[in-house]
Amino acid sequence: MAVPAHTEVATEFEIVIGLEVHAQLTTRSKMFCSCSTDYANAAPNTHVCPVCMGMPGVLPVINRQAVAYTIMTALALNCSIPEYSKFDRKNYPYPDLMKGYQISQYDLPLSRNGYLLIEHDGQVRRIGITRVHLEEDTAKLLHRDGYSLVDVNRAGTPLIEIVSEPDMRSPEEARLYMQKLREILVYLGVSSGRMEEGSLRCDANISVRPRGQQTLGVKTEIKNMNSFKALQQALEYEAHRQIEVLRAGGTIQQETRGWDESRGVTVPQRSKEYAHDYRYFPEPDLPPLVISRAWVEELRARLPELPDARRLRYQRDYGLSAQDADILTEEKALGDYFDQVMALSSQVQDRQARARAASNWLLSEVVRLLHAHDIAPAACPLKPEALVNLLDLLDRQRITGKQAKEVLDEAFVSGELPETIVVRKGIQPPITDPQALERIIVEVIEANPKIVADYRSGKTNAAQYLVGQIMKRTRGQAKADLVQQLLRAKLDEAPTA
Amino acid sequence: MSALHELTLSDAATLLRQRQISSVELTRAFLERIEALDGRIRAFTLVTADLALQQAQEADQRLQRGEQVTPLTGIPLAIKDVICTKDIPTTCSSRMLEHFRPPFNATVMERLQAAGAVMLGKTNMDEFAMGSSTEHSAFFPTHNPWDLERTPGGSSGGSAAAVAAGMAPGALGSDTGGSIRQPAALCNVVGLKPTYGRVSRFGLVAFASSLDQIGPFARTARDAALLLQAIAGPDPRDSTCSATPVPDYTAELTGEIRGLRIGVPVEYWEAPGMDPGVARVGQEAVNRLRELGAEIREVSLPHTRYGVAAYYIIAPAEASANLARYDGVKYGYSYRDTSDMWEALDKTRQYGFGPEVKRRIMLGTYVLSAGYYDAYYKQAQKVRALIAQDFERAFEQCDVLVSPASPTVAFKLGEKLSDPYQMYLNDVFTIPANLAGICGISIPSGFSEGLPVGLQILGNAFAEATILRVADAFQRVTDYHTQRPAL
């Protein structure tokens, strides 16, 4: 049974967590052959060749893009990139491993010694990154009707492994680290970041120790956590389980446990290898990699703006709230959209006002429409040009806010520019001339003495009826706030005798 | 004109180009020769007669049109059965791959086909190229054409025997620790192991990836040069294949070696187990090279005596991983009489591999295991570096090094089968070149007790042209290579 009891945990024991994250790289071809990695909807064993099937006589050839992506990831995680790196063979027999060994990296990975900053309870925490290395994914086994079937499509897909130091002190920190890491990978464009599809996977090492103890407790390795929520829940369960064992005077078994999502527990897993001696040795089919400093600098220069920088820029340059900056940053496509809107708004004088308006319209109305139509932000049918056009119409007071929402709804579906819709529908400019409005207001007041009397006797709600009448007379083309303001001023004047 | 099967590859090529003979005639002559002799020699695991005649016809059309004619157009060749041939069985002389037909061609096969060569068939070998006598073939041993009671050496014994018996004018083999040079020596033919990275390994079924190289067998250095010319050069499918430009090898065959510095490594000549008859023949060969104007110098390769030990750690280590893919799931032999996955895997390997292959897999697994890696594998890599350093120093003083290719002449079938260590010692002169990645050639240099003795000429990395020049110069003044076994 899952027990969410980490509050009491916090006092007596310290939790220590390190994560091993695997991310499939979004290269077009596989790690060591030219097969396409775009096998998501393909029939089994259709994206294969003699190389990724491990036929006799074949040889691997390194995918340069995969190395570039690994280095970019490492740079984004503040790692150092040694000049010399190599691949190794990791030997273990299993039917999902075509060659009987996995080409991975052992003692000379592409990068080491980085860190990632996360914010937790208002504090910045530095989580060490031990290494980022490059390897190949295995085939997929499907077990059904008493048979095990092998789908080799996934075999040989480039995979990076990001190993953290045991620097996390709570399941929540582990989740925050994982979320931050995912955000960075997606920003770099090196991973789709889809945990539920397995393109981003996470194993956790977790131990507990009495607070103040220096040495680490015995750890367990937790697998099969397919979402951020699962990660946090599994680690909360496991921390609690370990603490209960220790409190009862027991000892922790070093073992691999799987998260059983439906039951909300971790359970011991049978080891899939006979023994854990992988007999690593240098891959003789691949010459060592010499990573030139010039290439590293070229890749560093190619790094896109990363999430932390974007968050900061939104608050500092545009005066957005921390919360809005967060939302725009977390969903990269929204932030990209916002940046395009701002780029197209270069002629707008008040940058911050435009930014706030753009952020508001984007995060409320556009997001509402995306949800309603079940469309991902990256595929938003409303072009940034259209939103800019809408904001311009509003700035020029060509339409009212209410009209703008209706226009936006239409533009989202039809793809037209808002101004085209405004013209087509014959929407007249709002009446913004106070004198013209005042004339109408006086007429409405004079035509409704009873309502006015109600208002003046304290039933202030009665004013709404008057507003409605005024809007009716202006056929909706008066700005509601201006009408309110002028009407109240009129009503609050001493009644004329 | 001598019988067609007696022709050297170069002479046959000339006659083909002059259209005095056709490739079909030539191919038929070798197929008939195989038909007549191979029942006794057993060099071939497969004779692809129909394919050969079809390829010969195509070659004749090329020759007729005079288009895309290369020195190999229309030349029939035998191919060691460790080289992948598309849709044609590639067995590695193993039960494991007895019915395996690769869906692709090795790079060398593509190059031979592009050159217009004809494939006669696939030749027998020690299983997965592990052995020095071809007795470890899972199918049958190959017999030495010079004495059918003896082995042709190995592992490329089938290719060597085929050329020696006139069943092919040339052949391809592979050399991991001497598997081309030793059988060439024992069968009185020329066998060349190129520099590591000179010839693409793509499609060569791996034994020990850091040591394996494909190379040619032929009767003359000139023929070997023509074959190497066709298969050498960079290959985007093999990352260990070098971009170093390929010279025109036959243009270097000037016959001139005056002033060339030839090193005689003392450790080789004084090795225990060196047959006195072999040493005498070797010494005469050195004298002959001196007469040709070469400068003979003694050199030292001090770490030679550790070569065999280091080799039998590194090669099995790599083999243990390379052969892990044979699990009965994807191709090859598969034990099916169980529903348990692990039992199927174990039994597939138990029945699919022969004893020598299993011995090496176990050796390799052991030396890579936790707790033993440093003492064995790492230590062997250090020895490997020292051996490479020995050669670097030697090549500062010499252009080539010479020694017998094998310490003995061909041994009797069964003689060393029960003592693997004695078998391993047969490669004592050839192994260091593989460890260092340099090139070497074995050429006929005389006879001891009526059996051939090969002279090994080692050259620095990518110095194939130099060793071929020495070999050719020697063959211009000797006739050992023209002598044929009585069959």
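Between A and B, buried accessible area from a 1.4 angstrom probe totals roughly 2700 Å², ignoring ligands, DNA and RNA. Distances between placed amide hydrogens fall under 5 Å for residue B:119 paired with B:77, all partners being 5 or more residues away or on another chain. Ignoring lysines fewer than eight residues from residue A:180 along the same chain, the ones with Cα atoms less than 19 angstrom from its Cα are A:229, A:332. Just so you know, the averaged projected area of the alpha carbon convex hull for chain B sits at 21.4 nm².
Taking a ≥ b ≥ c as the square roots of the eigenvalues of the Cα gyration tensor, segment A:305-424 is classed as oblate, since a/c reaches at least 1.5 and a/b does not exceed b/c. Entry note, chain A: the mean residue ellipticity at 222 nm calculated from DSSP H runs of n ≥ 4, each adding -39500 (n - 2.57), is -12500 deg cm²/dmol after division by the residues and rounding to the nearest 500. A simple spin-label model places pseudo-atoms 7 Å from Cα toward Cβ; at residue A:169 and residue A:303 they are separated by 2.7 nm. Relative contact order of chain A, taken over Cα pairs closer than 8 Å and 6 or more residues apart, is 14 percent. Under 15 Å from a label point set 7 Å out along the Cα-to-Cβ vector of residue A:490, the amide N atoms of segment A:428-442 belong to A:431-442. Computed from the Cα positions only, the extents of segment A:6-295 along the three principal axes stand at 58, 53, 35 Å, in decreasing order. Expressed as a fraction of 2.2 N^0.38 Å, the value expected for a compact globular protein of N residues, the C-alpha radius of gyration of segment A:385-467 is 1.48. Note on residue A:142 and residue B:35: with the Förster distance fixed at 51 Å, the Cβ-Cβ geometry gives a FRET efficiency of about 0.50. Spin-label model, residue B:378/residue B:350: points 7 Å from Cα along the beta carbon direction are separated by 3.6 nm. Mean projected area of the Cα convex hull of segment B:31-123, taken over all directions, amounts to 6.2 nm². Report D for segment A:434-492 in µm² per second (integer): Stokes-Einstein, Kirkwood Rh on Cα pairs, 10 °C, 1.306 mPa s. My calculation gives 143 µm²/s for D. The aspartates and glutamates within cross-link reach of residue B:347, meaning a Cα-to-Cα straight distance under 20 Å and a gap of 8 or more places when in the same chain, are A:96, A:273, B:98, B:127, B:327, B:337, B:356.
Diffusion of the protein assembly as shown by Stokes-Einstein, at 37 °C in a medium of 0.692 mPa s and with Rh set to the Kirkwood radius over alpha-carbon pairs, works out to 98 µm²/s. Kirkwood's formula applied to the C-alpha pairs of segment B:155-274 gives a hydrodynamic radius of 15.5 angstrom.
Counts of other chain beta carbons within 10 angstrom of each beta carbon in peptide A:280-289 average 5. Counting only protein heavy atoms, what percent of the accessible surface of chain B is carbon or sulfur at a 1.4 Å probe? About 48 percent, which is the carbon plus sulfur part of the accessible surface.
Within a straight-line Cα-Cα reach of under 21 Å, residue B:86 can be paired with the following lysines, leaving aside sequence neighbours fewer than 8 residues apart in one chain: A:99, B:122, B:330. Of the peptides A:173-181, B:355-363, A:161-169, B:118-126, the ranking by mean beta-carbon count within 10 Å, highest at the top, reads B:118-126, A:173-181, A:161-169, B:355-363.
If you plug the beta carbon distance of residue A:450 and residue A:425 into 1/(1 + (r/R0)^6) with R0 = 35 Å, you get a FRET efficiency near 0.45.
The Cα center of segment B:154-211 and the Cα center of segment B:371-397 differ in position by 24 Å. Within 10 Å of each Cβ in peptide A:56-68, how many partner chain Cβ atoms are there on average? Round it to a whole number, please. Taking all residues of A:56-68 together, the mean is 6. Decide, for segment B:126-192, between rounded, prolate and oblate: order the square roots of the alpha carbon gyration tensor eigenvalues as a ≥ b ≥ c, take rounded if a/c falls under 1.5, and otherwise choose prolate if a/b is larger than b/c, else oblate. Oblate. Calculate the FRET efficiency for residue B:412 and residue B:359 from the Cβ-Cβ distance with a Förster distance of 25 Å, rounded to the nearest 0.05. The computed FRET efficiency comes out at 0.70.
Take each residue in B:322-333, count the other chain C-beta atoms within 10 Å of its C-beta, and the mean is 5. Among rounded, prolate and oblate, which fits segment B:293-407 when a ≥ b ≥ c are the square roots of the eigenvalues of its C-alpha gyration tensor, a/c under 1.5 means rounded, and a/b larger than b/c means prolate? It comes out prolate by the Cα gyration axes.
From most to least packed by mean Cβ count within 10 Å, the peptides B:127-139, B:415-427, A:111-123 give B:127-139, B:415-427, A:111-123. For the peptides A:376-382, A:128-134, B:55-61, residues were scored by their other Cβ atoms within 10 Å and the scores averaged per peptide; the highest-first order is A:128-134, B:55-61, A:376-382. Between residue A:28 and residue A:343, full extension at 0.36 nm per residue minus the direct alpha carbon distance yields a gain of 110.4 nm.
With both labels modelled 7 Å from their Cα along Cα-to-Cβ, the residue B:397 to residue A:248 distance reads 7.6 nm. Shape analysis of segment A:109-184 based on the Cα gyration tensor places the equivalent ellipsoid semi-axes at 33, 17, 9 Å, largest first. State the percentage of accessible surface on chain A attributable to carbon and sulfur atoms; use a 1.4 Å probe and exclude ligands, DNA and RNA. Carbon and sulfur together cover 51 percent of it. Rounded to the nearest whole Hz, the Karplus-based 3J(HN,Hα) values (6.51 cos²θ - 1.76 cosθ + 1.60, θ = phi - 60°) of segment B:443-448 follow the sequence 10, x, 9, x, 9, 10, with x at glycine and proline. A Cα-only calculation for chain A places Rg and Dmax at 30.5, 107 Å. Our estimate of slack between residue B:487 and residue B:114, defined as 0.36 nm per intervening residue step minus the Cα-Cα distance, is 130.9 nm. Between residue B:248 and residue B:20, residue separation times 0.36 nm minus the direct Cα-Cα distance comes to 79.4 nm.
In this structure segment A:235-296 gives 53 Å² per residue of accessible area when probed at 1.4 Å with all protein chains present.
The values are calculated or read from the model by the stated rules, or taken from the named source; none is laboratory data. Everything numeric here is computed off the predicted structure, so don't read it as measured data. We place every Cβ from the backbone using ideal geometry, glycine too, and count neighbours over all the protein chains shown. Accessible surface is based on the protein model in full, side chains and every heavy atom, while ligands, DNA and RNA are left aside. Shrake-Rupley method; radii C 1.70, N 1.55, O 1.52, S 1.80 Å.
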